[in-house]
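Trainee: Here it is, the structure, as structure tokens.
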Amino acid sequence: MHDLHEVVFMPADIKVAVPGGTSLLEAARIAGLRPEAPCDGRGTCGKCRVLVEGNLTLPTEKELAQLNSGDGIKMRLACQAKISGPVRAEFPESRADSFLTVEKGQRKALKLNPRGYRPGQESYGIALDIGTTSIVAELLDLASGQSLGVSSCLNPQTVYGGDVLTRITYAANRAGGVQTLQSEVAGGINRLIENLCRTQGIRAEQVFEITVAANTTMLHLLLGVNPRSLAVAPYQPVFTRETEVSPGTVGIRIAPDGLVTLLPSASAFVGADIIAGLLTTDFHHFKEPALFIDIGTNGEIMAIKDGQLAGTSSAAGPALEGMNITCGCRAEQGAIEAVSI
Ligand code: FES
């Protein structure tokens with residue numbers, strides 16, 4: 001049995017005792033910290049840098065390849081450095097709060113027929129887009145269809161992996177992985193709902209309906225369904241149909257008799273987010289050949305010709321947002337250093 005060693009995380013002075021051989025990343029998670037770990041510990045992204053003092057295993061070749069001379073000897077990769085005695089560690093300040101989301105765009109007048117509408121009482125609904133990186137929620141008055149506000153946040157699951165496949169691997173291989181990711185996303189959604197309700201002076205119990213657009217993996221994780229089958233041939237989702245659940249079953253705090261509706265997906269990697277986009281733009285009725293492109297952490301593309309639709313998707317995050325690799329970052333403060341025209 002390994003001895004327990006104390007790890008102190010600064011500047012908050014959070015102490016935790018862990019067995020020798022535990023990585024600093026695991027120790028930080030045990031301590032309740034949420035360090036960035038886009039590749040979830042595979043040692044490929046180099047983004048879990050941490051300043052350390054104390055007893056750790058020597059850097060591996062993999063780790064040395066990620067660190068550069070400017071890092072200094074106190075800088076280590078939290079996922080690679082293993083604890084062998086008392087340690088003090090400090091992660092750089094998180095940039096998650098400076099994360100930026102586009103919340104404006106063209107809006108088409110749509111005739112709504114919300115199931116959550118309660119005649120004679122104030123009733124509200126939320127249109128929710130759960131992206132691999134961000135979650136965006138829009139509050140709507142179900143009587144008028146009027147938008148009352150938009151709120152967004154970084155998907156809290158990102159600390160367990162930046163891209164869809166890393167998230168699936170975490171869910172499939174870690175004990176309690178699915179539950180962890182489910183409660184993370186539910187927590188993020190609840191914070192957005194609280195924020196929107198507070199801003200508009202309404203109560204969460206007056207929200208009777210949530211409609212969810214998301215990629216197939218995010219939908220599985222919201223329902224607490226293991227998405228393992230999405231990552232191995234023949235890449236079959238557990239479900240693709242429109243699915244209705246009561247908010248309590250997925251830990252979402254709105255009216256207890258409200259409804260959470262997950263829009264249908266087309267396949268493992270063409271999800272409800274792109275289906276929602278097609279319906280909103282009426283793309284499936286286009287007469288001329290056209291492309292519908294959604295560049296997200298997971299990038300999807302649909303083509304239409306002679307009424308026939310074809311679609312596919314690819315991980316765009318690693319190319320554009322630096323997930324699993326050392327270069328690139330999300331749309332956050334510092335991503336653009338200067339602009340000159
Ligand atoms: S999480 Fe440590 S290198 Fe990616």
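The values are calculated or read from the model by the stated rules, or taken from the named source; none is laboratory data. Treat the numbers as computed from the prediction; the structure is a model and nothing was measured. Cβ: placed from backbone, ideal geometry, glycine included. Neighbour counts: every protein chain shown. These accessible areas exclude ligands, DNA and RNA; they are computed on the full protein's heavy atoms, side chains included. Shrake-Rupley method; radii C 1.70, N 1.55, O 1.52, S 1.80 Å.
Trainee: Can we say Thr101 is open to solvent by 20 Å² or more (accessible area, probe 1.4 Å) and within 12 Å of the ligand (Cβ to nearest atom)? Before the answer, list the steps.
Mentor: Details: open to solvent by 20 Å² or more (accessible area, probe 1.4 Å): yes; within 12 Å of the ligand (Cβ to nearest atom): no.
No, not satisfied.
Trainee: Go through segment 113-145 and give me each residue that's out of contact with any strand residue (DSSP E or B) (no Cβ under 8 Å at 6 or more places or on another chain) and either among the hydroxyl-bearing types (Ser, Thr, Tyr) or under 22 Å from Thr243 (Cα atoms) (or both).
Mentor: Once the filter is applied, which keeps residues that are out of contact with any strand residue (DSSP E or B) (no Cβ under 8 Å at 6 or more places or on another chain) and either among the hydroxyl-bearing types (Ser, Thr, Tyr) or under 22 Å from Thr243 (Cα atoms) (or both), segment 113-145 yields Asn113, Ser144.
Trainee: Name every residue in segment 265-275 that is under 19 Å from the mean Cα position of the chain (by Cα) and assigned to a loop (DSSP other than H, G, I, E, B), in order of residue number.
Mentor: Ser265, Ala268, Phe269, Val270, Gly271
Trainee: Consider Ile83 against the criteria (1) near the ligand (Cβ under 9 Å from one of its atoms); (2) buried (at least 19 other Cβ atoms within 10 Å of the Cβ): it satisfies all of them except one. Which criterion is unmet?
Mentor: (1)
Trainee: Would you mind telling me which numbered condition in (1) within 13 Å of the ligand (Cβ to nearest atom); (2) over 24 Å from the mean Cα position of the chain (by Cα); (3) of a type in the set (Gly, Ala, Ser) Gly72 fails?
Mentor: Going through the list (1) within 13 Å of the ligand (Cβ to nearest atom); (2) over 24 Å from the mean Cα position of the chain (by Cα); (3) of a type in the set (Gly, Ala, Ser), Gly72 breaks only (1).
Trainee: Restricting the search to segment 42-67, which residues are near the ligand (Cβ under 8 Å from one of its atoms), of a type outside the set (D, E, K, R) and surrounded by 17 or more Cβ atoms within 10 Å (Cβ to Cβ)?
Mentor: Hits for segment 42-67 are Thr44, Cys45, Gly46, Cys48, Gln66.
Trainee: Which residues, counting only those in segment 304-341, are open to solvent by less than 40 Å² (accessible area, probe 1.4 Å), touching a Leu at 6+ places or on another chain (Cβ under 9 Å) and either away from the ligand (no atom under 16 Å from the Cβ) or in the same structural domain as Val136 (by TED's automatic domain parsing) (or both)?
Mentor: Residues satisfying the conditions are Ile304, Glu332.
Trainee: Please verify whether Gly162 is touching a residue at least 24 places away in the same chain (Cβ under 8 Å) and surrounded by fewer than 20 Cβ atoms within 10 Å (Cβ to Cβ), treating the condition exactly as stated.
Mentor: On the way: touching a residue at least 24 places away in the same chain (Cβ under 8 Å): yes; surrounded by fewer than 20 Cβ atoms within 10 Å (Cβ to Cβ): no.
Answer is no for this residue.
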